[in-house]
Amino acid sequence: MPAPAELADRLARHGQEHVLRFWDELSDDQRQRLAGQLDAIDLDEIAALYAGDVDQPDWEAAARRAEPPRAMRLADRQSGQGGGLGVTREEAEKRGKAALDAGKVGVLLVAGGQGSRLGFEKPKGMYPIGPVSAATLLQIHLEKAVALAERHGVGVPVYLMTSPVTHDDTVEFLAEHDRFGLAEDDLFIFRQGTMPAVDKETGKLLLADKGELFLSPDGHGGTVAALATYKSGTSGKSGTSGKSEMAGRPGGENAVEHMKRRGIECLYYLQVDNPLIPIGDKELIGYHLATDSELTSVAVAKETPDEKLGNFVMLDGKLCVIEYSDFPAEVAAQTDEGGGLRFWAGSIAVHVFGVAFLERMLALKDALPFHIAKKKVPHLGADGEPVDPSEPNALKFERFIFDLLPQAENPIVVEYAEEEIFAPLKNAPGAPKDTAEYVQRFLVNQHRGWLQAAGVELPADTPVEISPLWALDAEGVLERAARGPIAVDGPTYLR
Ligand code: UTP
């Protein structure tokens, strides 16, 4: 049976008819699936992206005229000064607490990435990172939301983004563990979209199999579109039967509608690979609210000019991130009057978003540009045999969440110490940084620090881990310590 004429014509007009090369060999289901994948692709957009018909700013030139961002520095936070924002830590905490108490805060957790560097066979969120407990990344994040809800006496909904790569495993895992204690209406799982990859030399779409395009998640910037397009009650992987993860929830609701129904006004954004994050931290939320910021970002101070973190800068009055690879060495090395780095603010992908801001972004078409990356993409060759390239052979298209920054009104940056907020799990063992062992060291140091600050005596070099359900943060540990002695004599999981 030939391919439907309309589909074949559309593909031929874009020089992409080769994807139907194996049509005759496919079953009806496979044909339907391939046609569905092709229907979902904007071939004009792919052609324009391949042709370079997108604005690719000259970042190096931009970096040379950039200014440092408006920021709350760590020293001002610690000493109780208003600093660059004119808001003290105490004022911020009060504002943030009031918003949390009023149930206006949600959590936006993105977990759609492929985790290719880590090489773990399941979604990264299922990685057992707990240094003593082997609790998974997802368990740690969700238990923080549970503890936060308990502290403020009101649900803190978690909007969890998956992708076709991570969705089914994540949904099944969370169902098996009863959402780690989150109330049913406090977990909204939504799946991000995908983008095809094209051959770097020809712009032709690549096939993963005879009846399947090569598709990958469209980047963490895909969050914005997915908040509005993915409806609760939708089944699992595209084209396969999946179970509804939203049973009992008003059907057909998207994440933004859920936020409106729940009265959520701002979202604490984080990525699944960083278990150190103080989710729903009232201080950060407070700065965001007190300054009428639409988008608040956390920075850590770069230790060296060439540290591999994106740089927060002001450019023509707008806040932006310029990636380290685009930041000229001589600009990165500039110092300020105090002798510190002028461009000190490294991005760690922790933000607070106003919900109204995200809605405004959704109304704009193409609020986020695509970034193009050359990657090695294994695929099916013209002869139907697998091709496993040794060099980058393909272009992939991804959106980045930080591209929202320039669109925001009153954006601010708040500096945190790395050890209180940033230890992402990225790499397999053996890498110098961001391995499981590295992350566990940060977790143990954080938890030991909270206990020691509360006067608890700890044996040296002993791993101690605190479940968020036992104490959410240093303040929670102090409350525990006030209730009675805490004994730690060997490796301990306080739960
Ligand atoms: P990374 O860009 O570090 O990707 O994502 P990754 O999947 O964790 O790892 P590599 O690069 O393949 O080794 C940072 C965060 O953004 C999420 C990831 O799940 C991670 O929490 N992300 C990334 C998405 O949710 N969707 C995407 O399309 C990409």
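The values are calculated or read from the model by the stated rules, or taken from the named source; none is laboratory data. All of these numbers come straight from a predicted model, not from anything done at the bench. For neighbour counting, all protein chains shown are included, and Cβ atoms are generated from backbone atoms with ideal geometry for every residue, glycine included.
In this structure, does Leu148 turn out to be more than 16 Å from the ligand (Cβ to nearest atom) and either of a type in the set (D, E, K, R) or closer than 21 Å to Gln446 by Cβ (or both)? Criteria met by Leu148.
Once region 198-216 is narrowed to residues that are of a type in the set (A, V, I, L, M) and not in a loop (DSSP other than H, G, I, E, B), the residue that is farthest from the ligand (Cβ to nearest atom) is Leu207.
In region 427-444, the count of residues that are of a type in the set (D, E, K, R) and more than 24 Å from the chain's Cα centre (by Cα) is zero. Within region 284-331, work out how many residues are part of a helix (DSSP H, G or I) and closer than 24 Å to Glu359 by Cα. Residues that pass the stated criteria total 7.
Taking the criterion of being in a helix (DSSP H, G or I), of a type outside the set (A, V, I, L, M, F, W, C) and more than 12 Å from the ligand (Cβ to nearest atom), the only residue of region 217-234 that qualifies is Thr229. All conditions but one from (1) under 16 Å from Ala428 (Cα atoms); (2) more than 10 Å from the ligand (Cβ to nearest atom) apply to Lys124; the one that does not is (2). The single condition among (1) modelled with pLDDT under 95; (2) farther than 27 Å from Ala51 by Cβ that Gly354 does not meet is (1). Among the listed residues Ala382, Ala345, which satisfies the condition of being of a type in the set (A, V, I, L, M, F, W, C) and exposed (fewer than 13 other Cβ atoms within 10 Å of the Cβ)? Every option except Ala382 fails the conditions. If I filter region 163-182 down to residues being closer than 26 Å to Leu358 by Cα and part of a loop (DSSP other than H, G, I, E, B), which single residue comes out as farthest from the ligand (Cβ to nearest atom)? Among those that are closer than 26 Å to Leu358 by Cα and part of a loop (DSSP other than H, G, I, E, B), it is Leu182. Summed over region 103-116, residues that are among the aliphatic types (A, V, I, L, M) and either near the ligand (Cβ under 10 Å from one of its atoms) or not in a strand (DSSP E or B) (or both) total 3. The residues of region 163-175 that are surrounded by fewer than 20 Cβ atoms within 10 Å (Cβ to Cβ) and within 19 Å of Thr194 (Cα to Cα), listed by number, are Pro164, Asp168, Asp169.
Among the residues making up region 22-75, a single one is modelled with pLDDT of 95 or more and hydroxyl-bearing (Ser, Thr, Tyr): Ser27.
Which one is surrounded by the fewest Cβ atoms within 10 Å (Cβ to Cβ) among residues in region 117-162 that are assigned to a helix (DSSP H, G or I) and free of Cβ contacts under 8 Å to residues at least 40 places away in the same chain? This residue is Glu150.
Scanning region 262-283 for residues that are away from the ligand (no atom under 16 Å from the Cβ) and either in contact with a Pro (Cβ under 8 Å, 6 or more places away or on another chain) or within 23 Å of Gly112 (Cα to Cα) (or both) yields Arg262, Ile264, Cys266, Pro278, Gly280. Counting the residues of region 432-453 that are free of Cβ contacts under 8 Å to residues at least 40 places away in the same chain and within 16 Å of the ligand (Cβ to nearest atom) gives 5.
Per-residue answers, yes or no, for (1) closer than 30 Å to Asp316 by Cβ; (2) of a type outside the set (Gly, Ala, Ser):
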{"position": "Ala8", "(1), (2)": "no, no"}
{"position": "His18", "(1), (2)": "no, yes"}
{"position": "Gln30", "(1), (2)": "no, yes"}
{"position": "Asp39", "(1), (2)": "no, yes"}
{"position": "Leu49", "(1), (2)": "yes, yes"}
{"position": "Gln56", "(1), (2)": "yes, yes"}
{"position": "Pro69", "(1), (2)": "yes, yes"}
